[in-house]
Amino acid sequence: MYGEIIKNLRLSYNLSQVQLANELNVSKQTISNWENNNILPSIEMLIKLSLFFSVSTDYLLELDNRRYIEITGLTNEQTAHVQQIIRDICENKARQVS
């Protein structure tokens with residue numbers, strides 16, 4: 001459910017509900033309601049969440065499982081380096097599983 005996704009993203013960023021609420025200019029109760037699937041974030045909040053966590057709105061709505069890293073401002077060489085690091089991590093993870 002979308003609430004679990006928001007909670008997992010928040011925890012992966014080591015944020016409390018209060019800290020995330022402050023970042024998004026909403027109440028802690030709003031974050032709690034999202035995470036407990038009591039209410040859906042508005043479209044505006046989905047966009048803010050996607051930008052804050054560098055994921056697509058489709059990811060937040062469980063329509064897509066891709067995540068993104070913001071690389072604006074990096075040179076092509078720096079971007080290639082980041083991509084290589086990601087490939088290395090994925091290959092290492094695959095080796096550990098097998």
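A compact table of results
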read-out	value
Filter result for Leu46 (closer than 27 Å to Ser16 by Cβ and touching a Ser or Thr at 6+ places or on another chain (Cβ under 6 Å))	yes
Residues (in contact (Cβ under 8 Å) with a residue 40 or more places away in the chain and surrounded by fewer than 14 Cβ atoms within 10 Å (Cβ to Cβ)) located in the stretch 1-13	Met1, Tyr13
Pairs where the first residue, in the stretch 28-50, is in contact (Cβ under 8 Å) with a residue 40 or more places away in the chain and the second is in a helix (DSSP H, G or I), C-beta under 7 Å, 6+ apart	Leu49/Ile6; Leu49/Leu60
Pairs, first within 18 Å of Ile47 (Cα to Cα) in the stretch 68-82, second surrounded by 10 or more Cβ atoms within 10 Å (Cβ to Cβ), C-beta under 8 Å, six or more apart	Tyr68/Ser54; Tyr68/Val55; Tyr68/Ser56; Ile69/Ser54; Ile69/Val82; Ile69/Ile86; Glu70/Ser54
Spans of helices (runs of 4 or more DSSP H) in the stretch 41-98 with at least 2 residues closer than 15 Å to Gly3 by Cα and under 14 Å from the mean Cα position of the chain (by Cα)	43-53, 57-60
Subset of the stretch 14-35 (residues that are loosely packed, with under 13 Cβ neighbours inside 10 Å and either hydrophobic (A, V, I, L, M, F, W, C) or not in a helix (DSSP H, G or I) (or both))	Asn14, Ser16, Val18, Asn25
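Here, each number is a calculation from the coordinates, and none is a lab measurement. The model shown is predicted, which means the values in this text are computed figures rather than measured ones. Here Cβ is always computed from backbone atoms with ideal geometry, including for glycine, and neighbour counts include all displayed protein chains.
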